[in-house]
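First up is the structure itself, then whatever we jot down about it.
The values are calculated or read from the model by the stated rules, or taken from the named source; none is laboratory data. Computed from a predicted structure; not experimentally measured. Because the Cβ atoms are built from the backbone with ideal geometry, glycine has one as well, and the counts that use them run over all protein chains shown.
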There are 2 protein chains.
Amino acid sequence: MSDPPEDSHQLLPISAIGEAGLLQVVQRYCPEQVVGDDAAVLAVPQGQLVVTTDVLVEGVHFSNLTTPPHAVGWRAATANLSDLAAMGSRPHSLLVGLGLPPSTPVAWVEELYQGIQACCAPWGCQVVGGDLCRSPQRFVAITALGSVQPGRAIERKRAQPGDWLIVTGPHGDARAGLELLLHPEQGSIVPAAQQQLIRAHQYPQPRLDLLPLLAAIPDPMRLAGMDTSDGLADALVQVCQASGVAARIEAERIPISEALQQVFPAQALEWALYGGEDFQLLLSAEPSVAQYLLEKLPGAAWIGEVTGWDPQGTVRLDNGQILSRQQAFQHF
Amino acid sequence: MSDPPEDSHQLLPISAIGEAGLLQVVQRYCPEQVVGDDAAVLAVPQGQLVVTTDVLVEGVHFSNLTTPPHAVGWRAATANLSDLAAMGSRPHSLLVGLGLPPSTPVAWVEELYQGIQACCAPWGCQVVGGDLCRSPQRFVAITALGSVQPGRAIERKRAQPGDWLIVTGPHGDARAGLELLLHPEQGSIVPAAQQQLIRAHQYPQPRLDLLPLLAAIPDPMRLAGMDTSDGLADALVQVCQASGVAARIEAERIPISEALQQVFPAQALEWALYGGEDFQLLLSAEPSVAQYLLEKLPGAAWIGEVTGWDPQGTVRLDNGQILSRQQAFQHF
């Protein structure tokens with residue numbers, strides 16, 4: 001157990017190399033100078049600290065059927081980085097808590113870490129610590145740290161009447177990809193489109209490409225928003241309720257990918273509104289700022305506007321339908 | 001589900017109040033200004049950032065048999081605060097990820113948070129965020145943030161020949177308390193002592209009282225150590241291996257409480273070495289610094305010394321026995 005694990009150990013269960021062996025495997029994915037103590041010591045990022053935690057549980061958020069371990073790691077990292085993006089915050093470091101049955105192959109853990117690293121590395125973000133423990137059910141609990149300059153965080157409660165509502169990209173693809181993984185016989189057979197939808201489910205991109213654009217927005221930065229991880233309808237209602245405003249959404253302006261239209265035309269709008277896990281951002285901004293973001297962000301689209309103050313936070317589609325959070329993914 | 005949860009909701013399962021209702025319950029334990037967005041925005045603590053994650057799983061680290069929810073929260077918080085103490089780091093904030101079966105009573109979650117808060121509050125540490133999700137198995141994944149001045153962190157690798165090895169308090173009590181909870185018929189019947197041991201298991205104290213003493217240690221602070229959460233033997237071997245030194249321990253100097261001696265005289269030394277979860281600190285310091293800490297820290301004791309350089313990190317009891325990590329709690 002004190003030998004460093006070799007690649008031949010990858011097919012073994014983690015119980016065969018023990019906690020110490022597994023620690024050596026995962027520490028390869030961390031900067032050497034921060035691991036090996038009770039806690040990691042980091043340089044403090046400039047500005048304010050932004051912190052978020054997301055937990056993914058096997059059988060609830062992922063399964064071997066739908067998500068290979070590399071994609072589990074990627075999605076767990078994206079869930080956290082997307083929260084940082086939604087705050088306008090630059091990612092700094094990640095901590096990874098894992099619950100693992102002893103029968104888990106070493107390769108499963110290593111591929112999970114590779115997925116986390118592949119998602120984080122382009123943004124200069126590193127895994128700096130974590131915890132490994134035995135659990136009957138696999139789960140991944142990631143905490144992400146980021147930074148933001150004071151007064152430059154994007155908050156949910158800042159939407160105002162007259163704002164445009166924009167999204168950073170298409171919605172519904174992740175839900176469609178999950179459907180194809182669970183029920184491969186569903187939908188029209190368009191192989192390239194099907195692959196694109198599956199990829200949207202397994203490898204969602206955190207929209208951190210928003211960050212460099214924020215510098216051009218003058219002080220005070222009056223930009224509201226959140227990520228759409230629980231669905232676009234949920235995000236719209238949450239932003240409007242937090243801000244005490246009403247909104248009108250033009251349903252046909254919600255961006256839906258060609259792939260989704262081809263494979264699941266009947267379900268496309270429903271999944272765009274309620275599917276979740278697309279990890280796009282919903283933003284509410286005065287028209288000049290929204291216009292600037294629409295020009296600079298590939299895939300972004302205007303979907304509606306904030307029509308007035310409203311303590312109920314009513315969100316209405318142009319056909320009169322009022323959106324609610326009830327249809328969103330219910331955790332309990 | 002949109003009504004704020006009342007105390008009468010406490011007996012309900014969390015599925016009856018839903019995620020939104022449960023969020024309202026747990027957000028009562030967070031400062032109002034930091035919750036309600038995708039991530040929490042915090043003032044950056046001065047100095048370097050210190051971060052650590054610990055995961056506790058029901059059936060592995062706790063059960064209803066041994067640990068009421070208030071104590072689960074307390075112990076989860078202590079596991080993290082103890083890691084910060086072992087780094088010489090001042091705690092700042094906590095993030096709490098919870099995996100919960102839908103049948104979990106609302107009261108269980110609320111008592112867990114009360115336990116976390118009770119453990120943190122004396123140290124000026126607050127819960128600033130987290131995540132709630134459905135899971136067949138309950139688990140608690142806590143991340144703690146702290147701060148330390150550059151060059152003032154306590155590291156494992158700094159032990160040197162001539163150092164004294166000291167511990168901050170008695171060992172073995174937590175293991176004995178667990179034994180009494182699992183097998184109430186075990187041990188001698190000494191009710192007050194039994195209660196003390198059970199309390200040591202359910203409500204261990206993070207040794208953050210070390211922190212104010214560190215200011216008196218001159219620069220550069222050459223203090224090595226770690227917490228003894230996986231047992232004193234494990235901590236001794238880890239510090240010696242990380243530092244490349246050998247140590248000699250006088251077994252009869254390892255502090256063992258009168259309660260442990262009374263109830264489990266035959267197992268006392270074994271549990272002191274290998275029991276774990278006492279959340280004391282092992283420190284290695286030059287004799288003058290060790291002397292100062294022994295005078296100032298109630299319950300602290302000299303247990304041995306670093307005898308020389310040794311790449312193997314050999315730790316020998318005065319009876320010749322060599323300590324190993326093999327007998328420590330194996331996670332897998």
So A:Val72, is it crowded, with 19+ Cβ neighbours inside 10 Å, over 30 Å from B:Ala85 (Cβ atoms) and in contact (Cβ under 8 Å) with a residue 24 or more places away in the chain: yes
Members of the stretch A:108-146 that are at the interface with another protein chain (Cβ under 8 Å from one of its Cβ atoms), closer than 13 Å to A:Leu94 by Cα and touching a residue at least 60 places away in the same chain (Cβ under 8 Å): A:Val128, A:Gly129, A:Gly130, A:Ala141, A:Thr143, A:Ala144, A:Leu145, A:Gly146
Enumeration of residues in the stretch B:184-213 that are among the small types (Gly, Ala, Ser) and part of a helix (DSSP H, G or I): B:Ala192, B:Ala193, B:Ala200
Unique match (being part of a loop (DSSP other than H, G, I, E, B) and either in contact with a strand residue (DSSP E or B) (Cβ under 8 Å, 6 or more places away or on another chain) or away from chain B (no Cβ under 11 Å) (or both)) among A:Thr66, A:Thr78, A:Thr53: A:Thr66
Single condition A:Val57 does not satisfy, out of (1) surrounded by fewer than 20 Cβ atoms within 10 Å (Cβ to Cβ); (2) in contact (Cβ under 8 Å) with a residue 12 or more places away in the chain: (1)
Wholly within the stretch A:102-183, strands (runs of 3 or more DSSP E) carrying at least 3 residues that are touching a His at 6+ places or on another chain (Cβ under 7 Å): A:126-134, A:139-148
Meets criteria (surrounded by fewer than 24 Cβ atoms within 10 Å (Cβ to Cβ), modelled with pLDDT of 95 or more and assigned by TED's automatic domain parsing to the domain that holds B:Ile303) for B:Gly162: yes
